[in-house]
Structure formats: structure tokens, C-alpha cells
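Only the coordinates and a few stated rules stand behind these numbers; no lab work does. No experiment lies behind these values; they were computed from the predicted model shown. Neighbour counts are summed over all protein chains in view; Cβ atoms, including those assigned to glycine, are modelled from backbone coordinates with ideal geometry.
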Amino acid sequence: MGPDVGPRISLEIMRTAAEPSGPGGARRAALFRHPGRVAIVLGVLLIVVNLAVVALVVADTSDEGQQAVSRDVEQVSPRNGSIASPQDDVEVRLRGGLTGVLVIDDARIPEDQLEIDNATSRITFRPGPDHDIETFEAGTHIVPVLYWEQTKPEPRNPERFTWNFRVAA
């Protein structure tokens with residue numbers, strides 16, 4: 001043994017002693033070589049998952065999620081300017097305490113063809129057999145709702161809100 005053998009052997013012994021070993025003396029790889037990087041990646045993944053959950057919860061595509069369209073009209077369906085199918089219901093939800101009737105393409109829908117729910121102030125027309133409109137034809141349809149207080153009779157010139165929707169061919 002020469003004079004430089006001693007320091008080399010002691011470095012090799014220290015390096016081997018510092019590394020954990022598995023059964024049978026085999027070297028075991030470090031679980032986390034860069035714990036800082038692992039923490040950053042896990043943090044970013046947690047943020048992405050949380051953003052996805054928030055986006056799914058907030059992304060309300062139903063008409064119920066729509067804000068009020070006017071002071072007295074809370075919701076219309078189909079939405080103003082939207083595309084609808086020929087069999088879609090036409091519905092308006094008024095402010096509480098109001099009632100009314102629908103006029104579609106200049107034709108007042110008879111009240112016996114409307115579903116009027118005074119408890120929720122909803123007025124719905126469903127096209128179908130034995131109704132003035134069986135299906136909506138392709139094109140733009142203009143829908144005024146004429147409305148008034150539930151506790152009063154229909155006035156000569158009721159309030160009016162108008163919207164439109166399109167039916168594709």
C-alpha cells in the first residue's frame with residue numbers, strides 16, 4: 001500500500017456509507033432527488049385541478065343561470081337571438097306577482113294553449129298538435145310577452161317585453 005491509497009479508500013467508504021442500501025447491500029436510488037422540483041410540480045398540479053373544478057362549477061349553461069333581462073322579465077327561453085329547434089318550448093319567467101300572455105309572430109297564443117304558473121310567474125308555450133303552432137318554421141321568430149299584475153285584470157295596453165330567436169332549417 002502506497003501513501004495515496006489511504007485517502008482514496010476512506011472517500012469510497014464515506015460515499016458508500018452515506019448512500020442508503022436495500023436488502024443484500026444493493027444501492028437504493030433516492031426517492032426524491034430534487035424535493036424542491038417535486039413540490040413545485042405538485043403545487044402546479046393542485047392549482048390546475050382546482051381551476052378545472054371551479055370552471056366546471058361556474059360554467060352554468062342552463063337558462064336558469066341567466067341574469068334578469070329587464071326589470072320585470074327574469075328569464076326568456078330560447079334566449080334572445082339564440083338558435084332553437086322547431087319543437088322548443090317558448091317560456092318567460094316574470095318578476096313575482098306578474099302574469100301575462102305570449103304573442104308569437106304577431107299571433108296571440110290562446111290562454112288554453114299556455115301553461116301559466118302564477119306561483120312562479122312562468123308562462124310557457126309548447127308547440128304541438130292541436131295548437132296554433134305545431135312546430136316552428138325555419139327563420140326568425142319574434143315573441144312579445146304582454147304582462148300585468150296578477151291581482152288586476154288585463155289592462156287595455158299591458159306592459160310588453162319582446163325578444164326573438166331563430167330556427168335553423
Extreme residue, positive dipole direction of the stretch 31-151, given options Val73, Leu45, Gly96 (C-beta unit charges): Leu45
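Rounded to the nearest 0.05, what FRET efficiency do Glu115 and Leu56 give with R0 = 30 Å and r taken as the Cβ-Cβ distance? Could you check? If you can, show how the numbers build up before the last one.
Numbers: r = 32 Å, r/R0 = 1.07.
Calculated transfer efficiency: 0.40.
Run the numbers for Glu134 and Val69: contour at 0.36 nm per residue of separation, minus the present Cα-Cα distance, in nm. List each step's numbers first, then the result.
Details: separation 65, 0.36 × 65 = 23.40 nm, distance 2.75 nm.
Taking 0.36 nm per residue and subtracting the Cα distance, the gain is 20.6 nm.
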Cα-only Debye scattering, the stretch 63-167: base-10 log of I(q)/I(0) at q = 0.19, 0.22 Å⁻¹: -0.93, -1.24
Paramagnetic label zone (point 7 Å from Cα along Cα-to-C-beta, Ala168; backbone N under 11 Å) in the stretch 72-113: 83-85
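What is the order of Val58, Val38, fewest Cβ neighbours within 10 Å to most?
On the way: Val58 8, Val38 12.
Ordered by Cβ neighbours within 10 Å, fewest first: Val58, Val38.
Can you give the FRET efficiency to the nearest 0.05 for Thr124 and Thr151, using r as the Cβ-Cβ distance and R₀ = 30 Å?
Numbers: r = 22 Å, r/R0 = 0.72.
My answer for the efficiency is 0.90.
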Cut-off 10 Å between beta-carbons: net charge of the residues surrounding Phe136, Lys and Arg +1, Asp and Glu -1: -3
Asp105, Asp112, Asp117, Asp72 arranged by Cβ crowding within 10 Å, fewest neighbours leading: Asp112, Asp117, Asp105, Asp72
For Thr162, Thr124, Thr99, order by how many other beta-carbon atoms lie within 10 Å, fewest first: Thr162, Thr124, Thr99
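Give, as a single signed number, the net charge of other residues whose beta carbon lies under 14 Å from the beta carbon of Pro110, with Lys and Arg counted +1 and Asp and Glu -1. Mind dumping the intermediate values first?
Details: positive: Arg108, Arg126; negative: Glu111, Asp112, Glu115, Asp130, Asp132, Glu154.
Its environment carries a net charge of -4.
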